[in-house]
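A short worksheet on the structure shown next.
The values are calculated or read from the model by the stated rules, or taken from the named source; none is laboratory data. Worth saying up front: this structure is predicted, and the values here are computed from it rather than measured. Glycine also receives a Cβ, built like all others from the backbone with ideal geometry; neighbour counts cover every protein chain displayed.
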Amino acid sequence: MSNQQEESERPFEFRIGLSAWIMMGVIYFIWYKHIGEEVTGAALFTIPLIPVAIFAGSIIVHEVAHAMVMGLNGIKVAKISVEMWGGYTQPAGDDPLSLLRLPAAKYFSVAVAGPAANLLVAIGIGICCSRLEIRACPNSQVSENPPPMYGSHQL
């Protein structure tokens with residue numbers, strides 16, 4: 001098969017930019033550095049992959065949601081790209097402003113699709129964590145007598 005045939009069969013290009021790879025490496029090493037001494041072996045290297053997967057996965061879900069709604073509105077997607085601080089979904093064609101020509105309701109649905117997908121994923125993760133009793137700070141305890149708030153005075 002020629003390259004032209006392969007390109008025409010692909011629905012769109014998917015790219016993870018160098019800046020995103022650098023950011024994922026930074027996240028990995030920050031988490032790696034803060035893992036306690038009680039973690040050893042393979043877990044020492046795999047636990048930091050969790051926030052990296054969450055970072056990359058949330059951007060991918062966000063951009064794929066935009067692409068899916070664009071497709072439902074009849075706009076072909078040329079590229080989905082993941083970058084350091086986010087990503088973008090590029091419509092196909094020579095006109096980068098084609099989305100702005102959509103009716104307001106369709107434009108709004110494309111714009112809201114990404115954040116809505118992230119919200120649904122966050123709710124799903126929250127439900128899973130609560131069912132599995134996973135806490136963000138497993139060693140934290142709720143005090144019966146919390147310290148006074150900053151600026152409060154007791155007489």
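Quick notes on this structure:
- Among the residues making up region 81-115, a single one is among the basic types (Lys, Arg) and either at pLDDT below 85 or in a strand (DSSP E or B) (or both): ARG101.
- Scanning region 89-115 for residues that are exposed (fewer than 12 other Cβ atoms within 10 Å of the Cβ) and touching a residue at least 12 places away in the same chain (Cβ under 8 Å) yields one hit, GLY93.
- Residue among ILE35, ILE30, ILE54, ILE59 that is of a type in the set (Val, Ile, Thr) and either on the phi > 0 side of the Ramachandran plot or assigned to a loop (DSSP other than H, G, I, E, B) (or both): ILE35
- Only listed residue being of a type outside the set (D, E, K, R), more than 13 Å from the chain's Cα centre (by Cα), outside any helix (DSSP H, G or I) and at pLDDT 85 or above, chosen from ALA78, ALA67: ALA78
- Long-range neighbours under 9 Å by Cβ, at least six apart or interchain, first residue outside any helix (DSSP H, G or I) within region 116-141, second at pLDDT 85 or above: none
- Residue in region 32-64 that is farthest from ILE16 (Cα to Cα), counting only those that are modelled with pLDDT under 85 and buried (at least 16 other Cβ atoms within 10 Å of the Cβ): PRO48
- ILE125 at pLDDT below 85, of a type in the set (Val, Ile, Thr) and closer than 25 Å to TRP21 by Cα: yes
- Of all the criteria given as (1) part of a helix (DSSP H, G or I); (2) modelled with pLDDT of 75 or more, the one not satisfied by PHE14 is (1).
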